[in-house]
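Quick notes on the structure that follows.
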Amino acid sequence: MSTEITDNAGQNRYEIRLDGELAGFVEYELREGAIALVHTEVGSAFEGKGVGGALARGVLDDVRTRGLSVAPVCPFIKRWIERHPDYQDLVAA
């Protein structure tokens, strides 16, 4: 199964596709020097398969590459970062 995570800037969201099918997304708002991750959604057919975690990791890896900090407004993203200390340095003070 192929996994692709892309930034759909036109809709202000990162999307994850499995074998070309939209499986979930993270909506965001750009702020000066930061990105607020406001809502995460995974399709019911993909729940319990690690899609949300893969999406969170992909989004945060891209944010790190872009040199931005993160405002984790979304409860899922906030909890995910808390469980993965290697991403806590991205959280905006």
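Each value in this text was obtained by applying a stated rule to the coordinates, not by laboratory testing. Given the structure is predicted, the values throughout are model-derived calculations rather than measurements. Neighbour counts run over all protein chains shown; Cβ positions are idealised from the backbone, glycine included.
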Exactly one of L30, L60, L18, L22 is in contact with a Phe, Trp or Tyr (Cβ under 6 Å, 6 or more places away or on another chain) and either loosely packed, with under 15 Cβ neighbours inside 10 Å or among the aliphatic types (A, V, I, L, M) (or both), and that one is L60
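Can G53 be described as in a loop (DSSP other than H, G, I, E, B), closer than 16 Å to F76 by Cβ and not basic (K, R)?
Details: in a loop (DSSP other than H, G, I, E, B): no; closer than 16 Å to F76 by Cβ: yes; not basic (K, R): yes.
Here the answer is no, as G53 does not meet what is asked.
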Of (1) hydroxyl-bearing (S, T, Y); (2) without any contact (Cβ under 8 Å) to a residue 24 or more places away in the chain; (3) in contact with a Phe, Trp or Tyr (Cβ under 8 Å, 6 or more places away or on another chain), S44 fails just (3)
Does the stretch 71-86 include one or more residues that are assigned to a strand (DSSP E or B) and not polar (S, T, N, Q)?
-> yes
